[in-house]
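Heads up, the thing below is written out as structure tokens.
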There are 2 protein chains.
Amino acid sequence: MRHRPFLIVISAPSGAGKTTVLNEVKKLCPDLFYSVSATTRSPRPNEIDGVDYIFVSREKFEEMIEKEELLEWARVFGGEYYGTPKKPVLKALESGRDVIMDLDIQGKETLEEKFGKEMISIFLLPPSFEELRRRLSGRNTESEEELKERLSRAKVELAWADKYQYWVVSSSVDEAARSITSIIEAERMKKERVIYPLDSD
Amino acid sequence: MRHRPFLIVISAPSGAGKTTVLNEVKKLCPDLFYSVSATTRSPRPNEIDGVDYIFVSREKFEEMIEKEELLEWARVFGGEYYGTPKKPVLKALESGRDVIMDLDIQGKETLEEKFGKEMISIFLLPPSFEELRRRLSGRNTESEEELKERLSRAKVELAWADKYQYWVVSSSVDEAARSITSIIEAERMKKERVIYPLDSD
């Protein structure tokens, strides 16, 4: 069944397992286009340029802002830039592919203003705040102070949930990925999106 | 993930394969409650009372109308009554089960007024009008005149589609049933319905 393509924005508090879940969604929905963010921050050892992020210099990023080559962008605490390159997204939509992207609340709100009903928003929730605490503690890569800060940030991020259309609880990676797939499939069947091949008679 | 239960109304023009598809949905979603309509018409040879319809006398049906025991009802061309018993539906919803029902546009509109956002509507479409004609002709149980009348009625019924939230094209029974299942799963994840077990902290 053909449909008018749309944007899928996914947000989550740290520790909800967004990256793992999105990797699973990629496998389940190979027809989706995954928007890759641009950033000025340095790549981490396991990150691949063009896959995890498009890593650019500060000068390049500011040029992209100026030339309006970004759908949304933000300068985060610490001074680094993050943003969504416009061209690949519009090209994918024009070719009939749905586009999925991983954004924070600010980016989601910006895109919602631009895309309106051509966009859906999904918030990935941890099974409980206790579980979120457990997951964040389990990382063991942070000091007690950092963990405390991450937890308090996660709490603020959880409050964003109210602004999203769908809530997916990430009790397991597989289940969360399947849930996201169901949402995308259902949205493709919204009356406004279906291109129905009814032959006139 | 727990959710606030809701009503699922499915309509289709004759020949779209609604009954077969709904039987498949029953297998895929055993947790749904299937509302059985009451009618005054006589059972067909293969129909089971209480499963396909609740078969009642005209007196009984008119008593049900008077006692407001029906969520919606109509008297169709030919004089027979059809309606949805209220009690089983409300009981199922109260116990947390989603309720699925097979209605025409008139019944759907009545229930939408009563249930508002606690209801979703799905229209099952034949792959094309040509295919619908082929399916209706294939029945071979009708005269040329009857077939012509059914086709013209199907055309009127197809025009209802615009009043429904979701369109499912029934290219195959399995695919249509899976599509309906995805819609139900997605609707359970709508923010307004999710009962999120976030422990306060």
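The values are calculated or read from the model by the stated rules, or taken from the named source; none is laboratory data. The shown structure was predicted, so the numbers you read here are calculated from the model rather than taken from an experiment. Here the Cβ positions follow ideal geometry from the backbone for every residue, glycine too, while neighbour counts run over all protein chains shown.
Show the residue pairs meeting these rules: Cβ distance below 7 Å; 6+ apart or different chains; first residue within the stretch A:170-182 and under 13 Å from A:LYS27 (Cα atoms); second residue charged (D, E, K, R).
Here the result reads A:VAL173/A:GLU24; A:ASP174/A:GLU24; A:ALA177/A:GLU24, each pair linking the stretch A:170-182 to a residue that is charged (D, E, K, R).
Within the stretch B:1-48, how many residues turn out to be assigned to a loop (DSSP other than H, G, I, E, B), in contact (Cβ under 8 Å) with a residue 60 or more places away in the chain and of a type in the set (Lys, Arg)?
1
Surrounded by 13 or more Cβ atoms within 10 Å (Cβ to Cβ) and in contact with a Leu (Cβ under 7 Å, 6 or more places away or on another chain): does that describe A:ILE105?
Against the criterion (surrounded by 13 or more Cβ atoms within 10 Å (Cβ to Cβ) and in contact with a Leu (Cβ under 7 Å, 6 or more places away or on another chain)), A:ILE105 does not qualify.
Within the stretch B:138-161, track down each residue that is closer than 30 Å to B:LYS27 by Cβ and within 20 Å of the chain's Cα centre (by Cα).
Answer for the stretch B:138-161, where residues must be closer than 30 Å to B:LYS27 by Cβ and within 20 Å of the chain's Cα centre (by Cα): B:ARG150, B:ARG153, B:ALA154, B:GLU157, B:LEU158, B:TRP160, B:ALA161.
Please work out if A:GLY138 is under 30 Å from B:ILE8 (Cβ atoms) and not assigned by TED's automatic domain parsing to the domain that holds A:GLU72.
no
For the stretch B:173-201, what are the residues that are modelled with pLDDT under 90 and either closer than 17 Å to A:VAL194 by Cα or not hydroxyl-bearing (Ser, Thr, Tyr) (or both)?
Correct list: B:PRO197, B:LEU198, B:ASP199, B:ASP201.
For A:ASP98, indicate whether it is of a type outside the set (Gly, Ala, Ser) and at pLDDT below 95.
no
Can you pull out the residues in the stretch A:100-151 that are among the hydroxyl-bearing types (Ser, Thr, Tyr), touching a helix residue (DSSP H, G or I) at 6+ places or on another chain (Cβ under 8 Å) and closer than 27 Å to A:ILE183 by Cα?
Selection gives A:SER121 alone.
Being in contact (Cβ under 8 Å) with a residue 24 or more places away in the chain and among the aliphatic types (A, V, I, L, M) is the filter here; which residues of the stretch B:157-169 pass it?
Passing the criteria: B:LEU158, B:ALA161, B:VAL168, B:VAL169.
Of everything in the stretch A:152-175, what is within 30 Å of B:SER11 (Cα to Cα) and in contact with a Ser or Thr (Cβ under 6 Å, 6 or more places away or on another chain)? Give them in sequence order.
If the condition is that a residue be within 30 Å of B:SER11 (Cα to Cα) and in contact with a Ser or Thr (Cβ under 6 Å, 6 or more places away or on another chain), then A:TYR164, A:GLN165, A:VAL168 are the ones that fit.
Could you please find all residues in the stretch A:90-148 being touching a residue at least 60 places away in the same chain (Cβ under 8 Å) and at positive phi?
A:GLY96, the sole residue that qualifies.
I'm trying to understand the selection: among the residues of the stretch B:167-201, which are assigned to a loop (DSSP other than H, G, I, E, B), within 7 Å of chain A (Cβ to nearest Cβ) and of a type in the set (Lys, Arg)?
Selection gives B:LYS191 alone.
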